[in-house]
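To keep things clear, I will list the structure first and then write my remarks on it.
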Amino acid sequence: MINTALALLCAFSSAGMISTDQVEAKDVAAPPEDILSGRVCLPDPADSSTSSWTALLPHDDIAAQLEHLVPGPGKSMVAVLADNAEAWQLELRSQPGLKSEPSRFTGVDALVPGAVARTLTLPPDADLVQILVKDPGTGGAGWILLADGQDDLILKTHLDTRSTLLGSSVGLHATLLGGELLEGTVRLRGPLGQEQLVPLQVDGPDRVASFTPDQLGDWTVHTVVRARDSRGIERLRTTQQIMRVVRPELTFAGDVVLKQSANGRVDLDIPVSLLAEDETTGPRRVAIGCEIWGRDASGVEVPVCWAARMHQLPGNGGPSSCSLRFDPNWITLAGVDPASLSLRALRAHTSEGFVLLAHDAAPDSLIDGVITPDIASTRVVSQAMLGGRSGQVVSGSTPPEQGLLSPGGHVLLISHGYCTDLFPWRTDDFSGDVELFEDYGANVSHDTFALQFEARGRSYKSMGIAGHSQGGNAAAHLYTFYWSALDWPTGERRIQGVGVPWQGTALAGNAAVLGEVFGIGCGTNYDMTYEASAAWLSFIPSWVREDVWFWTTSFTDGWFYDYCQIVTDVLLSDPDDGTVERYAGQLDGANNGGHKTGWCHTRLMRDPPQCKDPDRNVELSAEAAR
Amino acid sequence: MTLKTYGFCVLPLVLSATSVGEGLDACSTSGFVIPDGSSSGSTAVFEIPGGSDTQVVLGARLELEIEHPWVGDLVVRLIAPDGTTSVDLLDRVGMVPAGFPGPFGCGGDNILASLEDDALEAADETCTIDGSPVLAGSLRPQQSLSGFIGVNPSGIWQLQISDRQSGDQGSFISACLRLEVAPDCNGDGVPDDCSCQGDLDGDGEVGGSDLARLLSVWGTNDVEGDLDGDGFVGGADLSSLLGNWGLCN
């Protein structure tokens, strides 16, 4: 019997085995259309920039601005974010003809669990207001979030590389829309709390700050600019991002060899050079992907397919190899000469955060006898071609003397998302075989979350997943990269997600910065940043997306100052659900179940939590594949 | 139609058995529901009638059709008429601790396959995510059908089908047992050239020297002289020798 329990490993070693040793990685493939559409191509870092029309700063750094503030026509709000926000004074100084509601307390669990802010909304388009903010004198750190209503003055920032590697230079690019960027600084705070300030320098149309990270881990990148809007009024704008710095664990190290494997599939043997595992190393898994191209009968280069796989790296360093594998039927379908095959966009990413470790736009390759099947035998793309099963290489093992396994049914697994203290779904709305996934207070990557789903699925023949928030990302990740009970359900909808940050959320970066104020809470989650989400999505092919149904919600939009959560609202682009913007909750190529107003991301927001919507929940339950 | 009970379930069966050259076929075409989540299961039977000559099995294959939404639930075992010789044809195909197909075996639908030893693909390694029937064509069984070589084919063959995991139920549709057989005149499990029974000295002729040799072991349990395999050299053996007197064919 063939035992492929070690299938996660690169072929060379069984060292470095982790608790996921029984997990079997898929030989993922995507059709040529996914290459041509850019779906499995790594997007430009500028395409996942962070935008902000607000300023988040320590009180001392923004106090002067609050003394003489000219609100713009949009939403205007000031929030004090402090451990002891209740003790802070926040009010609009009495001015003739100006009325304001008193400041209020609000929980900002969406940013930091348990954190409280004092907030004050401002009258729009007032000529000039003075805001009194006074700390209680107890020495607690206080930060101010200022949304000044000039929402067309927008700061956009992005890192110029997806390879944020220890000791390698990184540039932060800043551009300002709707005004003039006067000056700016990037405040970097390393994982050990060390800070450095780097001024933004003029670089063509952009301002750029360059720096070289010298610590592994998550850095907060806080860009602060002074800008002048179209009316000539000076304003502050900031963005808050996370930068994950990793070791260059893997580099590509030679020609890739394409050869036919014993089971008839085509192997890409990729030489790599590895750093040895050390105490700073996280999960030694990497996602490797590559485009395969060939020349058709008229000599034109056309895409054949895209291949990818999650690999477990061994603990030892030095020369080694990893492999990708694809079905030769792709070559037949593309109508290309096997001798003309070439590779493009070979890349390796960390499994957590999808930081780019290595990239080769056009790797050299050698072809060692690839035979394609008879063209008449292949007319359609089969699931086996997409997920790596040809029907000839399935592992098998003699089962134990059969006792009846338990429970072993077909279930719908309903899951919460990131950092949850209560189960979000109204379980009474679900019927049939339903199981709950509960891991409260957890802050894990999509990969770890997915592997937890996988482990849970071993108790069932098959499962569908309805995930809230990050639970949706994790389900799609599992279905893409690993074999599990999620591959076997029957029924309409394999993966259903509500309020899923498919394209990330600005709150990930903001929460990281506010960790300085409130402590780490559940900790930063780099996977849910815009940057990491874009890199992750470039590994999610169409066939996975076609099995995903998603829904978004937002606050009830009336005539007043509306929001789901008054603080996070100004950190997100409207409409949003208090955590996920409507646009960022879209998964291109998936099934859009619709957008509904009057529902917010979680409890403690202005409208009811989206997972309590009985109409949708009943639908999720009824339509779920199990 | 006959109604038979074989210790598992009471099943209606339609049986037929025909001798085709050196082959014997027996089919069971009356379907039944396979009890879900039961280690005992149900049994289909094939009756191979006994002929004038004793026979021995040289080879076997089973053509099997089952409708089941999760074929990894199934254990299929074929038992020879002697009641002790058995071969596990399918044993929860695709069961692995995790990964693919998974800890509950292959989740594909249906079986329409010929289980035979010389098939290129093993049934246990054939599962696909989207094939239906998922076990199709010519497949190697879990255990080799060579386990039946040498058994007497005559009598009732039992095909035990059990569904070891609850939650998915299926039905047995039909099965045909194809046996390759040869004469075994002396019942020792080894094929014999029965037309020359009595040619004890192997000279191609049943004659006086053979008669003398048989008489020399008269009344004993000599294996060579015991032509009918009853454990005793006696009148029946003498009668058989005389019946074949002359040149062998």
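Against the test of being surrounded by 13 or more Cβ atoms within 10 Å (Cβ to Cβ) and over 31 Å from the mean Cα position of the chain (by Cα), the options B:Leu238, B:Leu247 yield a single qualifying residue, B:Leu238. Scanning the range A:492-522 for residues that are in a loop (DSSP other than H, G, I, E, B), within 30 Å of B:Val96 (Cα to Cα) and modelled with pLDDT of 95 or more yields a single hit, A:Arg494.
Applying the set (1) of a type in the set (A, V, I, L, M); (2) at pLDDT below 95; (3) over 17 Å from A:Gly142 (Cα atoms) to A:Ile62 leaves exactly one unmet item: (3). Candidates are the residues of the range B:128-137 that are in contact with a strand residue (DSSP E or B) (Cβ under 8 Å, 6 or more places away or on another chain) and of a type in the set (A, V, I, L, M, F, W, C); the one that is surrounded by the fewest Cβ atoms within 10 Å (Cβ to Cβ) is B:Ala136.
Screening the candidates B:Ser114, B:Ser162, B:Ser146, B:Ser138 for the property of being of a type in the set (Gly, Ala, Ser), without any contact (Cβ under 8 Å) to a residue 40 or more places away in the chain and either more than 10 Å from chain A (Cβ to nearest Cβ) or assigned to a strand (DSSP E or B) (or both) yields one hit, B:Ser138.
Cβ separations smaller than 7 Å between residues 6+ apart or across chains give the following pairs from the range A:223-234 residues that are over 18 Å from A:Ser51 (Cβ atoms) to residues that are crowded, with 16+ Cβ neighbours inside 10 Å and at pLDDT below 95: A:Ile233/A:Val70.
The sole residue among B:Gly99, B:Gly107 that is in a loop (DSSP other than H, G, I, E, B), facing another protein chain (nearest Cβ under 9 Å) and closer than 19 Å to B:Ile161 by Cα is B:Gly107. The set of residues in the range A:482-507 being crowded, with 24+ Cβ neighbours inside 10 Å and either without any contact (Cβ under 8 Å) to a residue 12 or more places away in the chain or at positive phi (or both) consists of A:Gly499, A:Gly504. Just one of the listed residues (A:Leu181, A:Leu172) is closer than 28 Å to A:Tyr526 by Cβ, in a strand (DSSP E or B) and more than 27 Å from the chain's Cα centre (by Cα), namely A:Leu181.
Per-residue answers, yes or no, for (1) outside the structural domain of A:Tyr530 (by TED's automatic domain parsing); (2) within 27 Å of A:Arg207 (Cβ to Cβ); (3) of a type outside the set (Gly, Ala, Ser):
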residue	(1), (2), (3)
A:Pro58	yes, yes, yes
A:Gly74	yes, yes, no
A:Ala82	yes, no, no
A:Glu86	yes, no, yes
A:Gly97	yes, no, no
A:Arg104	yes, no, yes
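Taken over the range A:436-450, the residue count meeting the criterion of being in contact with a strand residue (DSSP E or B) (Cβ under 7 Å, 6 or more places away or on another chain) and part of a helix (DSSP H, G or I) is 2.
Of all residues in the range B:138-153, those satisfying the criterion of being surrounded by 19 or more Cβ atoms within 10 Å (Cβ to Cβ) and closer than 23 Å to B:Ile66 by Cβ are B:Leu139, B:Arg140, B:Pro141, B:Gln142, B:Leu145, B:Phe148. Among the candidates A:Asn473, A:Asn443, the residue that is under 21 Å from A:Phe354 (Cβ atoms) and touching a His at 6+ places or on another chain (Cβ under 7 Å) is uniquely A:Asn473. Contact annotation: residue pairs with Cβ atoms under 8 Å, 6 or more positions apart or on different chains, pairing a residue in the range A:178-207 that is farther than 15 Å from A:Arg237 by Cα with a partner that is among the hydrophobic types (A, V, I, L, M, F, W, C) and assigned to a loop (DSSP other than H, G, I, E, B), are A:Pro191/A:Leu216.
Looking only at residues in the range B:71-96 that are touching a Phe, Trp or Tyr at 6+ places or on another chain (Cβ under 7 Å) and in a loop (DSSP other than H, G, I, E, B), the one that is farthest from the other protein chains (Cβ to nearest Cβ) is B:Pro81. Taking the range A:296-310 as the range and being at pLDDT 95 or above and either crowded, with 20+ Cβ neighbours inside 10 Å or in a strand (DSSP E or B) (or both) as the test, the residues that pass are A:Glu301, A:Val302, A:Pro303, A:Val304, A:Cys305, A:Trp306, A:Ala307, A:Ala308, A:Arg309, A:Met310. The residues in the range B:168-187 that are part of a loop (DSSP other than H, G, I, E, B) and either away from chain A (no Cβ under 14 Å) or buried (at least 20 other Cβ atoms within 10 Å of the Cβ) (or both) can be counted, and the count is 5.
The residue of the range A:108-166 that is surrounded by the most Cβ atoms within 10 Å (Cβ to Cβ), among those that are polar (S, T, N, Q) and touching a residue at least 60 places away in the same chain (Cβ under 8 Å), is A:Thr157.
Residues in the range A:576-602 that are touching a Cys at 6+ places or on another chain (Cβ under 9 Å) and part of a loop (DSSP other than H, G, I, E, B): A:Asp577, A:Gly578, A:Thr579, A:Trp599, A:His601, A:Thr602.
Of everything listed in (1) assigned to a strand (DSSP E or B); (2) within 14 Å of chain B (Cβ to nearest Cβ), the single unmet condition for A:Ala466 is (2). Filtering the range A:39-55 to residues that are closer than 18 Å to A:His158 by Cβ and not in a helix (DSSP H, G or I) leaves A:Cys41, A:Leu42, A:Pro43, A:Asp44, A:Ser49, A:Thr50, A:Ser51, A:Ser52, A:Trp53, A:Thr54. When B:Val181, B:Val233, B:Val206, B:Val217 are screened for being among the β-branched types (Val, Ile, Thr) and touching a residue at least 60 places away in the same chain (Cβ under 8 Å), only B:Val181 passes.
The requirement of being more than 24 Å from A:Phe539 (Cβ to Cβ), of a type in the set (Asp, Glu) and either in the same structural domain as A:Leu537 (by TED's automatic domain parsing) or surrounded by fewer than 20 Cβ atoms within 10 Å (Cβ to Cβ) (or both) is satisfied by A:Glu435. The residues in the range A:223-257 that are part of a strand (DSSP E or B) and not β-branched (Val, Ile, Thr) can be counted, and the count is 14.
The values are calculated or read from the model by the stated rules, or taken from the named source; none is laboratory data. Computed from a predicted structure; not experimentally measured. Every residue, glycine as well, gets a Cβ built from its backbone with ideal geometry; the counts of neighbours run over all protein chains shown.
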